[in-house]
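*Asks:* The structure under discussion is supplied below as structure tokens; questions concerning it will follow.
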Amino acid sequence: AKASGRNCVHLFDPSDPKSGDDSEAVAALLRTAIDRHLVSLVYQPIQSLPSGRVDAVESLMRLRMLDGTDVPPSVFIPIAERTGAILELGRWAIDTVCQELLSNRHIAFATVNISVVQLRAPGFSKTVEDILHERRVPGTRLAIEVTEGLDLELNSEVLRSIGSLRQLGVRIWLDDFGTGFAGLSWLRLIDFDAVKIDRSFINNLSNNRDVTMLRDIIELVRNRGPQILVEGVETSEQMEILGNYQVDYLQGYFIGHPRPSANVGAIIAPQALQ
Ligand code: C2E
Ligand code: CA
Ligand code: CA
Ligand code: CA
């Protein structure tokens, strides 16, 4: 792949065949990205309610090109899934999160985003088991976030994989709930420990219809048993409205941005709901 200019990532458009060079460049980069320390994880705080304690984090992957440009996950994750690089990156991410948990004992648990490509791969749960064992991290300190993608078939491999992970104590979370139809079938077939309500549902809470919609979604999930996290909380107005509902976790720029260390401190967030 040819060297990529500073602008290439911004020009990247998956629907434009002429931008294929960038995709190839990213694909090539991903093959050696771990060894060259071009991938990293950042950690976004998760606030637990009603304590208001920030004692959990979500890990998010970052990729830096050789020229210092950051490639957004929305661009490189699909490429990694297509080329299979996601398997090695995903393994690296779980291992890195476990090390981070070891040096931050006040963090109750950390979540890792898992691609369905990983869930389908034979031996995925064994890989997780080996990492937990080697790092001596209890499975209960790890949660995996799976997304209801449209292409997601809920086949027996995926269900078996999720079942084995649960046996290790790993928490199973459903991400981006409400963005597709698949979420409902997932909710029917899997006992999730928690469901993350997509931030599109709290974008416009000044609108009564949107408030009603959010209330209905929270009720739908709660009736099935999982805990509830609302993501994308950016304003005190949103915090105030969310205070009217029984929500277990909050996440968003208002609570905290992603940062390079999981050491968010066992703080009570000043904005914490009462
Ligand atoms: P996601 O899992 O839904 O992650 C939430 C995204 O929203 C993150 O973007 C985060 O930085 C951003 N965000 C957090 N709080 C706020 C807020 O208050 N307002 C707004 N507007 N945005 C907020 P990011 O890091 O760019 O990740 C994008 C997506 O890439 C993730 O969506 C996830 O689907 C995927 N991804 C990221 N890291 C990984 C990974 O390690 N593995 C896999 N398989 N996918 C990943
Ligand atoms: Ca996520
Ligand atoms: Ca999400
Ligand atoms: Ca998402």
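The values are calculated or read from the model by the stated rules, or taken from the named source; none is laboratory data. As the structure is a computational prediction, the values presented were derived from the model and not from experiment. For neighbour counting, all protein chains shown are included, and Cβ atoms are generated from backbone atoms with ideal geometry for every residue, glycine included. The area values use the complete protein model at the heavy-atom level, side chains included, leaving out ligands, DNA and RNA. Shrake-Rupley method; radii C 1.70, N 1.55, O 1.52, S 1.80 Å.
*Asks:* Can you pull the accessible area of Tyr253 for me, 1.4 Å probe, Å² to the nearest 10?
*Replies:* 120
*Asks:* Next question, about the same structure. Can you work out the Karplus-derived ³J(HN,Hα) for every residue in the stretch 94-107? Use 6.51 cos²θ - 1.76 cosθ + 1.60 with θ = phi - 60°, whole Hz, and x for glycine or proline.
*Replies:* Residue by residue, the stretch 94-107 yields 5, 5, 5, 4, 4, 5, 5, 5, 5, 8, 9, 6, 7, 7 Hz.
*Asks:* Using the 2.2 N^0.38 Å rule of thumb for compact globular proteins, work out how the chain stacks up: its C-alpha Rg over that value, please.
*Replies:* After normalising by residue count via 2.2 N^0.38 Å, the value is 1.02.
*Asks:* Further, regarding this structure: Suppose accessible area is computed on protein heavy atoms with a 1.4 Å probe; arrange His257, His37, His106 from highest to lowest.
*Replies:* The most accessible residue leads, giving His37, His257, His106.
*Asks:* Relative contact order, percent, of the chain when contacts are C-alpha pairs under 8 Å separated by at least 6 residues?
*Replies:* 21
*Asks:* Can I ask one more? So which chymotrypsin sites (Phe, Trp or Tyr not before Pro) in the stretch 127-209 are both in a DSSP loop and have at most 13 other Cβ atoms within 10 Å of their Cβ?
*Replies:* Counting only loop positions with at most 13 other Cβ atoms within 10 Å, the chymotrypsin sites (Phe, Trp or Tyr not before Pro) in the stretch 127-209 are Phe181.
*Asks:* Work out from phi, with θ = phi - 60° and the Karplus expression 6.51 cos²θ - 1.76 cosθ + 1.60, the ³J(HN,Hα) of each residue of the stretch 29-40, listed in order in whole Hz, and give x for Gly and Pro.
*Replies:* 4, 4, 5, 10, 5, 5, 4, 8, 6, 8, 9, 8
*Asks:* Search the structure for amide H atoms under 5 Å from the amide H of Thr111, placed 1.01 Å from N in the peptide plane, and list their residues when 5 or more places away or on another chain.
*Replies:* Distant-sequence amide H within range of Thr111: Val57, Glu58, Ser59, Ala143.
*Asks:* Indicate, rounded to the nearest 5 percent, the antiparallel portion of the DSSP beta bridges found entirely in the chain.
*Replies:* So the antiparallel bridges in the chain amount to around 40 percent.
*Asks:* Here is a follow-up. Using Cα atoms only, what is the angle between the long axis of helix 208-224 and the major principal axis of the chain, expressed in degrees (0 to 90) to the nearest 10?
*Replies:* Roughly 90 degrees, rounded to the nearest 10.
*Asks:* While we're here: Specify the angular offset, from 0 to 90 degrees and rounded to the nearest 10, of the alpha carbon long axis of helix 124-135 from the longest principal axis of the alpha carbons in the chain.
*Replies:* That works out to roughly 80 degrees.
*Asks:* Could you state the accessible area per residue of the chain in Å², with a 1.4 Å probe and every protein chain left in place?
*Replies:* Here the per-residue accessible area is 50 Å².
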